[in-house]
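S.K.: Please see the structure below; I have some questions.
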Amino acid sequence: MKVLAAMSGGVDSAVAAARAAEAGHDVTGVHLALSRNPASYRSGARGCCTIEDANDARRAADVIGIPFYVWDLSERFHEDVVEDFMDEYAAGRTPNPCLRCNEKIKFAAVLDRALALGFDAVATGHYARLATGPDGLVEMHRAVDQGKDQSYVLGVLDQDQLRHSLFPLGGSTKTEVRAEAAARGLLVADKPDSHDICFVADGDNAGWLREKLGDRAPNHGGAIVDEAGAVLGEHEGTYAFTIGQRKGLRIGRPAPDGRPRFVLDIEPVSGTVTVGPRERLAVDGLTATRPRWCGTVPDALTGPGVTVQLRAHGEEHRAGVRVSGDTVEIDLLDPASGVAPGQAAVVYDGSRVVGSATISATRRVEA
């Protein structure tokens with residue numbers, strides 16, 4: 001099989017490419033240039049947008065003995081991921097850019113180009129497993145290494161994309177992957193994993209958004225209020241906040257009960273940020289839109305194995321799921337805390353990923 005290996009410059013994608021080649025596939029490595037000026041996104045080897053990462057990927061391809069190319073997808077990445085990130089925060093929502101990158105870049109733009117060039121599949125270093133289900137469809141399951149499982153950010157993949165994907169690391173632990181990289185002579189064996197958002201320098205979302213949004217920001221300040229409407233402080237822009245946030249609130253008056261406050265609601269039009277006690281963050285119901293199903297579209301899902309994951313490395317919540325067209329209603333049997341519109345709700349049946357949808361509204365637990 002002719003395989004295009006997406007090589008970020010990290011240890012995982014390097015070992016994935018090596019395993020694909022060792023399995024007998026005709027492998028070509030490709031590094032995605034996601035910024036025309038890498039320093040404008042992130043400096044240093046912390047993400048997937050740096051010159052260092054491109055060089056690391058090239059050296060790994062040389063060791064493996066496969067051809068290597070760099071594809072410039074900077075314009076597509078900026079339009080589909082970076083602009084979406086800014087628009088979502090400006091609207092008071094909390095997006096997941098890694099999930100959007102998988103949907104729009106790695107398994108859409110890259111896969112489309114790969115298939116047009118005659119490749120049969122794209123291999124990546126994601127930790128997830130693929131299997132053929134009893135109905136003949138390709139199923140995606142959680143990785144063996146639960147601590148590294150990345151099925152959450154892959155929940156946007158549809159059946160056609162899964163049929164043309166390879167995840168060689170799904171059955172391994174991170175420790176095993178690093179040891180294998182060292183044994184293969186790959187210099188990235190001990191390279192630290194990237195964290196934070198790859199295009200936001202130093203992980204300072206608020207500072208980055210303040211600089212990039214400029215006049216596009218819905219406001220440049222407003223009031224921080226409690227649920228009764230009493231003004232507790234001021235802020236410099238609602239885009240700097242997310243539901244459940246505690247730090248950086250700049251509240252002048254202490255709460256009467258002495259307990260910390262958390263962001264409960266964000267209203268970009270009025271510029272109002274509402275805060276309250278932790279227990280007001282609890283939700284037991286979600287409405288989600290823009291569903292993406294990995295296989296057959298379900299009508300409803302119930303049972304002990306049905307769960308929903310709301311963050312990339314968050315806990316699973318037992319749930320009941322109802323689907324009506326492009327709307328997904330989720331009842332959480334295990335209430336969640338700090339859930340924000342814009343986040344993804346990924347539905348599982350046991351270890352199998354059913355699909356993903358974008359949260360549009362939440363239902364708070366009644367006191």
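The values are calculated or read from the model by the stated rules, or taken from the named source; none is laboratory data. Model, not experiment: these values are computed from the prediction. Quick reminder, even Gly has a Cβ in these numbers, built from the backbone with ideal geometry, and neighbours come from all protein chains shown.
Conditions tested, residue by residue: (1) surrounded by fewer than 16 Cβ atoms within 10 Å (Cβ to Cβ); (2) in contact with a strand residue (DSSP E or B) (Cβ under 8 Å, 6 or more places away or on another chain); (3) modelled with pLDDT of 95 or more.
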{"position": "ASP62", "(1), (2), (3)": "yes, yes, yes"}
{"position": "TYR69", "(1), (2), (3)": "yes, yes, yes"}
{"position": "ASP72", "(1), (2), (3)": "yes, yes, no"}
{"position": "ALA91", "(1), (2), (3)": "no, no, no"}
{"position": "CYS98", "(1), (2), (3)": "no, no, no"}
{"position": "ASN102", "(1), (2), (3)": "no, no, no"}
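S.K.: When both residues are 6+ apart or on different chains and their Cβ atoms are under 7 Å apart, which pairs have a first residue that lies in segment 336-365 and is touching a residue at least 24 places away in the same chain (Cβ under 8 Å) and under 17 Å from ASP158 (Cβ atoms), and a second that is of a type in the set (Phe, Trp, Tyr) and crowded, with 22+ Cβ neighbours inside 10 Å?
M.R.: VAL346/TYR152; VAL354/TYR348
S.K.: Scan GLY118, GLY133 and give me the residue that is in contact with a Gly (Cβ under 8 Å, 6 or more places away or on another chain) and more than 21 Å from GLY9 (Cα to Cα). Let's see the steps before the verdict.
M.R.: Working: GLY118 fails: in contact with a Gly (Cβ under 8 Å, 6 or more places away or on another chain).
Step by step, each of GLY118, GLY133 is checked, and only GLY133 is in contact with a Gly (Cβ under 8 Å, 6 or more places away or on another chain) and more than 21 Å from GLY9 (Cα to Cα).
S.K.: If you don't mind, there's one more thing I want to ask. Would you point out which residue out of ALA189, ALA179 is free of Cβ contacts under 8 Å to residues at least 40 places away in the same chain and either assigned to a helix (DSSP H, G or I) or polar (S, T, N, Q) (or both)?
M.R.: Being free of Cβ contacts under 8 Å to residues at least 40 places away in the same chain and either assigned to a helix (DSSP H, G or I) or polar (S, T, N, Q) (or both) holds for just one of ALA189, ALA179, which is ALA179.
S.K.: Which is touching a strand residue (DSSP E or B) at 6+ places or on another chain (Cβ under 8 Å), assigned to a loop (DSSP other than H, G, I, E, B) and not assigned by TED's automatic domain parsing to the domain that holds ALA240, of LEU157, LEU111?
M.R.: On the way: LEU111 fails: assigned to a loop (DSSP other than H, G, I, E, B).
LEU157 is the lone residue from the list that is touching a strand residue (DSSP E or B) at 6+ places or on another chain (Cβ under 8 Å), assigned to a loop (DSSP other than H, G, I, E, B) and not assigned by TED's automatic domain parsing to the domain that holds ALA240.
S.K.: Within segment 236-243, does at least one residue satisfy the condition of being within 28 Å of ALA206 (Cβ to Cβ), outside the structural domain of PRO335 (by TED's automatic domain parsing) and in contact with a Ser or Thr (Cβ under 6 Å, 6 or more places away or on another chain)? Let's see the steps before the verdict.
M.R.: Taking segment 236-243 as the starting set, the residues that turn out to be within 28 Å of ALA206 (Cβ to Cβ) are 236-243.
Cutting the leftovers down to outside the structural domain of PRO335 (by TED's automatic domain parsing) gives us 236-243.
Filter once more, keeping what is in contact with a Ser or Thr (Cβ under 6 Å, 6 or more places away or on another chain): 242.
There is at least one residue in segment 236-243 that is within 28 Å of ALA206 (Cβ to Cβ), outside the structural domain of PRO335 (by TED's automatic domain parsing) and in contact with a Ser or Thr (Cβ under 6 Å, 6 or more places away or on another chain).
S.K.: A further question on this structure: List the residue pairs whose Cβ atoms are under 8 Å apart, where the first residue sits in segment 259-284 and is within 11 Å of GLY222 (Cβ to Cβ), the second is part of a helix (DSSP H, G or I), and the two are 6 or more positions apart or on different chains.
M.R.: ILE266/THR238; GLU267/THR238; PRO268/ALA90; PRO268/THR238; PRO268/TYR239; GLY271/THR238; THR272/THR238; VAL273/THR238
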